[in-house]
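Below is one structure; the comments refer to it alone.
Bear in mind these aren't lab numbers, they're just calculated from the coordinates by the rules spelled out. On a predicted model such as this, the values are computed, not experimentally measured, just so you know. FYI the Cβ positions are ideal-geometry reconstructions off the backbone, even for glycines, and counts take in every protein chain you see.
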Amino acid sequence: MEYATAYKIACETLEQLRPYCNRIEIAGSIRRKKKTNIKDVEIVCIPKPYDVGLFSTGIATVVNQWKKVRGELPCRYTQRILPCGAKLDLFITEQERWGMTFALRTGSADYSYKVLGSGWVARGYKSVDGWLTYKGKKIVIREEIDLFNKLGMDYVNPENREV
């Protein structure tokens, strides 16, 4: 997909989910403003409490309408096919690790691995179940800037997160 098409789909999807979220943002190649060859829509969210099953509520009422590829709610990640045919990667997190999730899911994959991942390993941190940890203790990363600060790095705008 080209950027304009992908961005439009991402915005429409975000607005469908927004009423059921405490926080929600577009991530991935769309956030990085990649011009062409966008393969999917990536969204990171902190949902409001919801139920699944026969009497689904909240975000599940929208997400479960879309064809499931992987990840059954409740989960940290689900992949769906949107009605327009685009693939959605939905990453579900919480406020205490929003910054970590949002930074990693903005990517690029090489940037997340070679720059951010190498940066935390060099400082003695590990990534465990979506958390930055130090000596087994979870580190709260509420905003992306908090992750860059922990790594002793200047903040890098999403458009420049390529390797």
To make sure I understand the rule: partners must be lysines, Cα under 22 Å from the Cα of Lys87, and not fewer than 8 residues away in the same chain. Which ones qualify? Lys8, Lys33, Lys34, Lys35, Lys39, Lys67, Lys68
Taking the chain and counting helices only, DSSP H stretches of n ≥ 4 at -39,500 (n - 2.57) each over all residues, the nearest-500 ellipticity at 222 nm comes to -7000 deg cm²/dmol
For the chain, longest principal axis from Cα atoms; helix 3-17 axis from its Cα atoms; angle between them, nearest 10 degrees, is 70
When Asp51, Asp146 are ordered from fewest to most other Cβ atoms inside 10 Å of their Cβ, what list results? Asp51, Asp146
Multiplying the sequence separation of Arg142 and Thr61 by 0.36 nm and subtracting their Cα-Cα distance, what value in nm do you get? 26.4 nm
Of (i) 8.8; (ii) 9.4; (iii) 13.0, which is the value of mean projected area of the Cα convex hull in nm² derived from the coordinates here? (ii)
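How would Met1, Met100 line up from fewest to most surrounding beta-carbon atoms within 10 angstrom?
Taking fewest neighbouring Cβ atoms as first place, the list is Met1, Met100.
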